[in-house]
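Report on the following structure.
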Amino acid sequence: MKKKISRYLRLVSQRYGTDELYFFLFGITVCILLLNLALDSFFIPVIAIALFTYTVYRALSLDFKRRKKENEGYLRIVGKIKAPVLRQINTYKLKDTYTISKCKKCSAVIYAPKENKVTRVTCSRCGTENTVRAKKK
Ligand SMILES: [Zn+2]
């Protein structure tokens, strides 16, 4: 038994394993199955089984290069979706203490503390010096 376990662990440790895409696909599979509780379709479990098979196949794969590339593609797409959302959240958090303005040259977002009436802010993107007047709360 101990021998079997150590053989299994050695076999699994040589596999690709889990990554962000794995957890995403697993989550989608669970969501599809939950959706099927309401819809009670024949085809939805087939899709879920196919997706789960692919998810497990990726985790047990020996082709690390290809799996890594797939995961990077997934992370790139997520990053493109996440970045504007995080920017909005950040802007919302800072709006009480900072006046948010745009660079006059490149339109990059710049922040000036509200405690100052006028602040000179150098744009981090293009280096242009901007004058920002504090907006009243
Ligand atoms: Zn600029």
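For this structure, a couple of remarks:
- Residue match in the range 100-114 (condition: away from the ligand (no atom under 16 Å from the Cβ), over 27 Å from ASP19 (Cβ atoms), out of contact with any Cys (no Cβ under 8 Å at 6 or more places or on another chain) and of a type in the set (A, V, I, L, M, F, W, C)): no
- All of LYS102, LYS82 fail the test of being surrounded by 11 or more Cβ atoms within 10 Å (Cβ to Cβ), modelled with pLDDT under 95 and either within 16 Å of the chain's Cα centre (by Cα) or of a type in the set (Gly, Ala, Ser) (or both), apart from LYS82.
- Subset of the range 5-21 (residues that are in a loop (DSSP other than H, G, I, E, B) and in contact with a helix residue (DSSP H, G or I) (Cβ under 9 Å, 6 or more places away or on another chain)): ARG15, TYR16, GLY17, THR18, ASP19
- Criterion (surrounded by 11 or more Cβ atoms within 10 Å (Cβ to Cβ), more than 27 Å from the chain's Cα centre (by Cα) and at pLDDT 90 or above) met by exactly one of ALA48, ALA38, ALA112, ALA59: ALA112
The values are calculated or read from the model by the stated rules, or taken from the named source; none is laboratory data. Here the structure is a predicted model, which is why all the values come from computation and not from measurement. Backbone-built Cβ (ideal geometry, glycine too); neighbour counts: all protein chains shown.
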